[in-house]
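Before any comments, here is the structure.
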Amino acid sequence: PLPKRAKRTYLAMDLDKEVIGYVVPDATEEGIQYVAMRNLFVREAREALEVRVEKKTRTTHIRETAERMELGKTMEEWAEFRKKMNPDSLTHPPEFIVKPRGQTVWEGNTVKLHCTVAGWPKPRTAWYKNNVLIDAKARPEKYTAESNYNMHSLEIKNCDFLDTAQYHVSALNVKGEASYVATVVVKNADVEVEGVPVAPLDVCCHDANKDYVVVTWKQPAVEGSSTILGYYIDRCEVGTHHWAQCNDTPVKYARFPVTGLVEGRSYIFRVRALNKSGVSRPSRVSEAVVAMDPSDRARLRAGPSAPWTGIIKFTEEDATAGVVPGEPSDVAVTEATKSYVVLAWKPPVQRGHEGVMYYIEKCISGTDTWQRVNTGMPVKSPRFALFDLAEGKSYSFRVRCCNSAGVSEASVSTGEITVGDKLDLPSAPGNTVAIRNTDTSVAVLWGASKDVRHLVGYYIECSVVGTEVWMPCNNKPVKQTRFVCHGLTTGQNYVFRVKAVNAAGYSQSSPNSDAVVVQAAISIPGKPTGVTLLEAVKDFMVLGWNEPASNGGADIRGYFVDYRTVKGSVVGKWHEMNHQALTTTTYKVSSGLKENVFYQFQVRAMNMAGVSKASVHSASLECKEWTITVPGSPVGLHVLEVRDTSVVVLWEPPAFNGRTAVNGYYLDLKETSAGEGGWKAVHEKANKKKYMKVTGLKAGTSYVFRVRAQNLAGVGKTSAVLGPVLAQTRPGTKEIYVDVDDDGVISMIFECSEMNEGSEFVWSKNYQAMTDTSRLTIVNEHGRSRAIFNSPSLEDLGTFSCVVTNTDGMSSSYTLTEEGLMRLLDISHEHKFPVIPFKSEMAMELLEKGRVRFWTQVEKCTSSCEVEYVFNNVIVSQGKKYTMNFDKSTGIIEMFMDSLEVTDEGTFTFNLVDGKAKGTTSLVLIGDGKTTSILMLYTPTCPHFVKYLDFAVTPECNVLLKCKVIRVTAILSIKCNTMWFPWAVNNCLLFVLFLLATSSSDIKVLSTEHGIVLYSNVTYYHEDLRVGWLLKDAKIAASERVKSGVTGEQLWLKINEPTEKDKGKYAMDVFDGKDGVKRVFELTGQDRARVVGGLPDVVAIQEGKSLNLTGNVWGEPVPEVSWIKNDKELVSDERYQLKFEHGKFASITIAAVTTADSGKYALLVKNKYGTEAGEFTVSVYNPEEEDHKEGKKD
């Protein structure tokens, strides 16, 4: 009888944990002996184990199985019951709240794995590397494990290639176990020696045998400063740390046969690249390989044999003695390079039971002499690599077998084989094409290499245009002919090239691609949002919508509107409303609409790449005339200058103003996650501007915004919601800053590193397009825009903003205040007229033997500073009388004179020039007992004044003190008398004030958005120069509406919201020290153009009637008058009669009005002092249609 199941097998393991065979236990059953099988492989180990086997009937087996199933079910029910009755319901198995994440690090760095585990009782954690427990306490220099408050971490220090592994953390408590795995990859760090190659890649082992293996690898992406000369292969026996180099001479091929291995042992391999600069770092090690016969390896992988089918009896046979093996067959050259030749053959059929080994012989072509290659030791593998062969020569090879009985006959010769490379280098790839992909990547395509064998792949390189420095784009070769290169710098110009690689080496590089700018590829824009109704009349509707969040990398060129009818729950087909793209986010829909019919609308955006998908359609909107008095919803909401804590929101006025004009706006915001009750007002008072900067935001929080318009009747509906907007400063965002260059030029500078193709800098003032281009000069170059103030003055006060088009909202602003302007003007003056500072003014010292030293010291100077030595306005130079010295390191300037003579009386001056900076210091040698204090060394005659000390003020407001003294032969030092000096200063100041007062220009007037400014300019302003303003010979009192002041050299008077009372004769009284200088300006008769009355807000008129409206106009000079309907200027013709009489009355007459005459009208008046528009709405109705509607309602 046979057993019911196959008996358990026992694997036999060697010291390296490699399976070398299996044995079967010895068992006894009913007198039949089972004999253990002999070891199937090279080892002759035996193992015996006695197992008693009981024979059971089928009935007994079924009954025992049923009993076990019943018992298991009972135990499960009992366990469930105990689980329900467990009073400790808080216990639960471990659970990973935060799982460890895999990481990639550079060699030599430290990496830390983190996780958070929950469970009760508190789980105990353990870390494993490739399923081997990590003992951090045993290796503190390598590992640090920490556990605090359910947070666990493992720190791996000084990572190397051997640390590349799978790390898993296991958490265990009484309720169960949980584990998670994270992979750590250690990459080659940057090469230590400049110019050496990077490490080779993907080292693998092939064709392993008893003492032989073939090692292959992939060439690195970077060859270094020169081409790779070859490779070194290293081996290491598993379990040791000793690396041995396998080849003395570097091999060029990426393939090498390694011989001399010990049978049954495991090895790992690594490769190093060599060029002229040195040897690279080692590659990552290969997987371990065992040196053993392939047939044994195959049986090992197959595992145990099938279950027994009967009694196996095994008897030991004696080895056949005296049998000489036959000759090998099929000897052939499998690989041939300049460095080596590999032979392969088949073992002989006749070889006995003890195994065979081999001798290899070679013969040089043209001779009959055979030489044994491996004379010392026969090889066990049917493979052999021959080195040290002469390149270009031809050889023949043959093989003999041997065993203890003798050596066989030689095999058939291979024939003549020439030593040389059989594998050629690949040809260069085809043309390379680079295509824009994203802001940091480019897609590269190329033609495949032709006539290439055993292609490993392609390497792609990139270079910034103009640098000639090539950088690798991929670390491993790719076999496709398309690759996306990531990590590029946005806005830079790159060129690309490709080279192919196989085991023989690298090909020539492909031709360079055309230069391409790294920026996002253009795609169709996103969907518009927020389609809403802004105004409705019985035969037309005004729609508004928001721009799409993404423009697809190109400016939006226009929009298309579709509509469909809605009757109850039935909707019609979509129809195109406009065939030409709209350039605004509002549209007056007039054609095809019927009164009291419901419609739905959708909008699509268009850029140069195409048309977007349709927006979400609007709600069902009825085409009927609005009768509301409050304004409609503001439109065109968008944001600029998004930062961590602030954002600027902008909008456009509503298309429908209501009964009166819009006089303010309210801005609301809320966090995106908040409900409808989360809306908050940003400000309390109405904001008259069409923009507002919102501050106090939380960084990283998303917000939505809405705006409401207000007129005299009340506050209108809210606009479409804008957002969500994330309060976060984009990386690389820069702010506008103000610069004053060396020439004193004041400018604002904005830089952007994310310029795309077609991007432009657009400057605005107070977030409106600048109409006066004479105030600023814009210079753009290389991602940098500079706005230069041509003539900085009070007219330039305000908020300047700059937006970069074709980007993701790159923008910034700068607010120029009056205080800031004055500070900049002071800095500008310092830069225009720099002064060299002196530590001490010129002094004189008397030295030995009558020598005299004139000297001074400056605080700082450059190496280019030059000194001009002057005596009585004549430049003196070094010679017998004068000796000069200028020590630029200390700033000391000296001039020596051998002696003083009568002719040396006068003024000695040092004039310094250091670039644009200038400095002057002087010393006067004169003497007079009344006006000076004199140190007299020698006085042969009495000196006296020809011209007494006096002063003069130049047009530049410089004060010149001057006098003339003769017959002075003494050395003098001068000091002003305390009685004379105040008189001189006082008179000098009065004269200066007189010059400043008389330099004031005539009064001019400037019109601003708030009112007017009267101003006059002086050459220089001094604090003692008092200014007073008068109106009709009465002093003007300062108030919130009327203010006066000084900015730089400008004297001004501001009048906000001027009225009729502000007209008259203005005078500016400038104190000159005596009587004063007066400048007069007549404001009477000069006023900006205005519409002062006569026009209603809304006109409702019956169809067929005539409409006549007259507006009262004011302004001096007389304004220019024009009439506008729906933003289009009207021309006087048979239908529209336009008149302007007496310079005050402008009228419009429309005979027999129709419904087509309904719309928004405006009377526009303009002169050189300003522009104003009087707007009103005309609504034409048909009484018959009104009665018909009333009848339907009844």
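The values are calculated or read from the model by the stated rules, or taken from the named source; none is laboratory data. Remember, predicted model here, so these are calculated numbers, not experimental data. Quick reminder, even Gly has a Cβ in these numbers, built from the backbone with ideal geometry, and neighbours come from all protein chains shown. Keep in mind that these areas ignore ligands, DNA and RNA; they rest on the heavy atoms of the full protein, side chains included. Shrake-Rupley method; radii C 1.70, N 1.55, O 1.52, S 1.80 Å.
Scaled to the globular estimate 2.2 N^0.38 Å, the Cα spread of region 1053-1142, given as radius of gyration, is 1.75.
A simple packing score, the average count of other Cβ atoms within 10 Å per residue, orders the peptides 458-465, 743-750 as 458-465, 743-750, with the highest score first. With Cα atoms as the point set, the radius of gyration and Dmax of region 860-899 evaluate to 11.3, 32 Å. Taking amide H atoms as placed 1.01 Å from N in the peptide plane, the amide H of Arg265 lies under 5 Å from those of Ala291, each 5 or more residues away in sequence or on another chain. Residue by residue, region 764-775 carries 3J(HN,Hα) couplings of 9, 10, 6, 6, 10, 4, 7, 7, 8, 7, 6, 7 Hz when phi is fed to the Karplus relation 6.51 cos²θ - 1.76 cosθ + 1.60 (θ = phi - 60°); x denotes Gly or Pro. If I model region 507-617 as equal point scatterers sitting on the Cα atoms and use the Debye formula, what is log10 I(q)/I(0) at q = 0.11, 0.14, 0.17, 0.18 Å⁻¹? Results for region 507-617 at q = 0.11, 0.14, 0.17, 0.18 Å⁻¹ read -0.43, -0.61, -0.81, -0.89. Protein heavy-atom accessible surface, 1.4 Å probe, per residue over region 699-831: 49 Å². For region 513-566, trypsin sites (Lys or Arg not before Pro) are listed when DSSP marks them as loop and at most 11 other Cβ atoms sit within 10 Å of their Cβ; the list is empty. Based on Cα contacts under 8 Å between residues 6+ apart, region 426-552 shows a relative contact order of 28 percent. Here the Karplus relation 6.51 cos²θ - 1.76 cosθ + 1.60, evaluated at θ = phi - 60°, turns the backbone of region 689-706 into coupling constants of 7, 9, 7, 7, 8, 9, 10, x, 7, 8, 4, x, 9, 8, 10, 10, 9, 8 Hz, with x for every Gly and Pro. Principal axis analysis of the Cα atoms in region 360-488 yields extents of 75, 32, 24 Å, listed in decreasing size. When region 750-900 is described by a simple charge dipole with +1 on each Lys and Arg Cβ and -1 on each Asp and Glu Cβ, the residue from Ser774, Val870, Phe838 located farthest towards its positive end is Val870.
For region 1107-1120, backbone phi angles converted through the Karplus equation (6.51, -1.76, 1.60; θ = phi - 60°) give residue-by-residue couplings of 10, 9, 10, 10, x, 8, 10, 9, x, 9, x, 4, x, 7 Hz, Gly and Pro being listed as x.
Kirkwood radius for region 572-672, taken over all pairs of different Cα atoms as the inverse mean of 1/r, rounds to 17.0 Å. Remark on region 422-500: ratio of C-alpha radius of gyration to 2.2 N^0.38 Å is 1.13.
Summing Cβ point charges (Lys, Arg +1; Asp, Glu -1) relative to the Cα centre of region 650-703 gives a dipole of roughly 260 debye. Count Lys and Arg as plus one, Asp and Glu as minus one, and take only other residues whose Cβ is under 10 Å from that of Met608; the net charge is then 0. For region 108-209, applying the loop criterion from DSSP together with a ceiling of 16 other beta carbons within 10 Å to the trypsin sites (Lys or Arg not before Pro) yields Lys137, Lys142, Lys157, Lys175. When the Cα atoms of region 641-694 are aligned to their principal axes, the ranges along those axes come out at 37, 27, 20 Å in descending order.
Would you please give the FRET efficiency between Val1046 and Asn109, computed as 1/(1 + (r/R0)^6) with r the Cβ-Cβ distance and R0 = 56 Å, to the nearest 0.05?
Once the sixth-power term is evaluated, E becomes 0.35.
In summary, region 504-568 shows an alpha-carbon radius of gyration equal to 2.18 times the 2.2 N^0.38 Å reference for compact globular proteins. Farthest toward the positive end of the dipole of region 1037-1076, out of Ser1039, Met1068, Pro1058, is the Cα of Pro1058, where the dipole comes from beta carbon charges about the Cα centre. Taking each residue as 0.36 nm, the span from Ser774 to Thr91 lengthens on full extension beyond its C-alpha to C-alpha distance by 238.0 nm.
Temperature 25 °C, viscosity 0.890 mPa s: under these conditions the Stokes-Einstein estimate for region 113-208, based on its Kirkwood radius over C-alpha pairs, is 155 µm² per second. When only alpha carbons are used to place a centre, region 1092-1138 and region 801-832 end up 43 Å from one another. The figure for Thr585 is an accessible area of roughly 30 square angstrom, using a 1.4 Å probe on the protein chains alone.
Rank His829, His242, His579 by accessible area, highest first, at a 1.4 Å probe radius?
Result of the area sort, largest leading: His579, His242, His829.
By a 1.4 Å probe calculation restricted to protein chains, Arg284 has an accessible surface near 100 Å², given to the nearest 10.
What ranking of Glu1129, Glu576 comes out by heavy-atom accessible area, probe 1.4 Å, highest first?
Ranked list, largest accessible area first: Glu1129, Glu576.
The GluC sites (Glu not before Pro) found in region 651-708 that occupy coil by DSSP, while having at most 14 further C-beta atoms within 10 Å, are Glu684. Quick one: pull the percent of accessible area on region 746-789 belonging to carbon and sulfur, 1.4 Å probe, ligands and nucleic acids left out. On region 746-789, the fraction of accessible area on carbon and sulfur atoms equals 46 percent.
Within the assembled protein chains, the solvent-accessible surface assigned to Val289 is about 20 Å², based on a 1.4 Å probe.
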